[in-house]
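Written below as structure tokens is the structure these notes are about.
Derivation of every value follows stated rules applied to the coordinates shown; laboratory data play no part. These figures come from a predicted structure and were not determined experimentally. Counting neighbours? That spans all protein chains shown, and the Cβs are built from the backbone with ideal geometry, glycine included.
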Amino acid sequence: DSEAVRLATRRLSSCLTRNDPSDAVLDGTIGLELLLGDDQNQSLSYKLRLRAAALTWLSGSSIPATEIADKIKQVYAVRSAIVHGKKPKARKKAVDSNSTQGEDDRQLSAELLRFVLRILLAHPRYLEPSKIDSELILRGASTASEGDPGAAQ
């Protein structure tokens, strides 16, 4: 869906340029939801983790799927804290870690959204999240034996 790509690209731009890191994280996660979400009300964070991890099959990158899933989980924990008005846990540094923590969260949100956008623009068939589910998550990346659901992966 080109509208989803257009809106996600705008969210990436906002994520990178906002003054407030919390707003930037929200922009990044909204962009991810536009690209990987659907209209079903199941656990959004879980679905996005699975779908983003599945896209690593197409990325040509050596980044493990588990690392992408963990990063999505991390940024959604930050998003949840922002949306629900909770302060993120302070890091173990004696210095004011919150000043850089917001920037780290912003960078992570932008990195993940950029990663997903890059893959989906190269493989537009997966702009429909249900195709990620059926072709990448449930069947793996193999396209051999399209008509044979029992084909070896």
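Here are a few things to note about the model shown:
- A Förster distance of 25 Å, applied to the separation of the beta-carbon atoms of Lys86 and Asn19, puts the FRET efficiency at 0.70.
- Working from label points 7 Å from Cα in the Cα-to-Cβ sense, the Ala77 to Ser62 distance is 2.7 nm.
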